[in-house]
Amino acid sequence: MAAAATGASGPQCAEALAAAAGNSSSTSFRRRVPKAGGTENSGPRLVSISGTRPSVRNGQLLVSTGLPALDQLLGGGLAVGTVLLIEEDKYNIYSPMLFKYFLAEGIVSGHTLLVASAKEDPTDILKELPAPLHDDNSKKELDEDICHKTAQNNTKMKIAWRYQLLPKMEVGPVSSSRFGHYYDASKKISEKLLEASKWHGFFLPEKVSSTLKVEPCFLTHGYGKLLQFIQNIIYEEGFDGSNPQKKQKNILRIGIQSLGSPLWGDAISCTESCGNNHSLTKFLYVLRGLLRTSLSACIITMPTHLIQSKAIIARVKNLSDTVVGLESFIGSERETNPLYKDYHGLIHIRQIPRLNNLICDESDVKDLAFKLKRKLFTIERLHLPPDLSDTVSCSSKQDLADSAKLLGPGCGMMAGGKKHLDF
C-alpha cells in the first residue's frame, strides 16, 4: 500500500519539488533594504558619549586625560573603568597640574566630576582649573609661545640626523581635534563653565568628626567614608547601568588628591610597619571593582616617595591600571646640568594597561621630559644637545657624557664613547 501510494504520487512530488526549487532561488537570500528612517538594524553599537572615543586596538571606550601628548603615550587615552595613578614629585608642584587638566577636560566635555581631597576644599580646586582654548585668537597666542623658541633654534642649526626620523609629540593645539583639548595654564576657568557643570565634592575634614568613635574595620575611617560616597554617587545617578540614566548617558570622572598621605589618616608614610598597612591596598581593590562595573574613570595622585614600605608601593602599582611618575629637577643635581637646561623634569610611563589580559604592558619610550611654559605644560622626547667643540669646555663634555649614560639606550648613545660627533 505504501509503495502504491508513492508511485501514484510521483509526478505530483516532482512538480512540487520543481516549484520549491524555483521559489528557493528567489527567496533564500533577500537584499537588505534600509528602513523608512534611513537606519538599519546592524547589531549593537558602542555607546556614543560626548568626550569619548573607541580605542583602535581593542574597542574600549576612552576619555582624554586633558593632555593630548599624554593620551598619545597611553595608547589614545584613558580607558573607562580604569585607574590612573600619578606618582607625585617631591615638592608636589607639577602633579597637581595633571590632576587639574583631567578635571578641566571633564568640565569641557560635559562629564560629571567627583573631587576628593583631604588637603584642599574641592570648591577651591575647581576654581584653580586652567582655562580651555576655544577661539582662534587664543590658539594663535599659544602657537607663538610654542614656536618662539623653535624658531630661534632653527636659525642657529639644523636638527641632528638621528632625530629626524623620530615621531613628533603633539605640543600645540589642533583645530580639527574633537577628542581632548588644550588649556592655558596662565588663565583660570570661567565661572560660567563651573556653574553649568555638575560635580560632587568630598572634603575629608568635613566628613570626619573629631568626636566620632571609629569602630575597628579593615579600612581607615577616611577611606571607608570615601568609598561609601563614591558608591552612592555611582548607584544613585545610574553610572553602573542598573538604574538607567534619565538623560543621555554620561561619564563620571573621579579625582582623588594625595591619597596615602598622613592627612587621610594613613600611617604608611610615617612608619614601615603599622597596624593598618593594608588599608590603602584594600581601598584600591574595592575602588577598582566599582570602576569596572560603571561608566567612570579615576585619577589618583599619591606621594609614593613618602611611603616607607617598598612592598606596599609594588602592590599599589599592581592594583592600578596605568602608572605615570613625575621626577622634578628642583633640588637635584640635574637642575644645574646643561643637558636638562630646557626641561623641568622627567616623566616615566611605568605601566600601561593591557585590558583582558593577565599582565600589563610597559612603554617602549624611556626618554621623556616635561617643561612648564608660560601657557602650556608640554611632554617631549629628551634629546641630547649637540657637542660644539669650539664652545663647550672639557668639563661640560664630561658632564654631558655622564648624564647620557644615566638615560640608558633610549637617548645619547653617541655621547657615551670617547669620540664625539661634531655638527
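The values are calculated or read from the model by the stated rules, or taken from the named source; none is laboratory data. The structure displayed is predicted, hence computed values, not measured ones. As a convention, Cβ positions derive from the backbone with ideal geometry for all residues, glycine included, and neighbour counts pool all protein chains shown. Heads up: the accessible areas ignore ligands, DNA and RNA and are worked out on the full protein's heavy atoms, side chains in. Shrake-Rupley method; radii C 1.70, N 1.55, O 1.52, S 1.80 Å.
Only one of (1) modelled with pLDDT under 70; (2) open to solvent by 50 Å² or more (accessible area, probe 1.4 Å) fails for N277. Which number is that?
(2)
State all residues of the range 86-113 that are open to solvent by less than 50 Å² (accessible area, probe 1.4 Å) and among the hydroxyl-bearing types (S, T, Y); if no residue qualifies, say none.
Y94, S95, Y101, S109, T112
Which one of these is open to solvent by 10 Å² or more (accessible area, probe 1.4 Å), on the phi < 0 side of the Ramachandran plot and at pLDDT 90 or above: A116, A131, A36?
Among A116, A131, A36, only A131 is open to solvent by 10 Å² or more (accessible area, probe 1.4 Å), on the phi < 0 side of the Ramachandran plot and at pLDDT 90 or above.
If we scan the range 370-377, do we find a residue that is within 17 Å of the chain's Cα centre (by Cα), more than 25 Å from D240 (Cβ to Cβ) and modelled with pLDDT of 90 or more?
Yes, the range 370-377 contains at least one residue that is within 17 Å of the chain's Cα centre (by Cα), more than 25 Å from D240 (Cβ to Cβ) and modelled with pLDDT of 90 or more.
Report, by residue number, each residue of the range 286-339 that is within 22 Å of Q231 (Cα to Cα), part of a helix (DSSP H, G or I) and of a type in the set (A, V, I, L, M).
V286, L287, L290, L291, V316, L319
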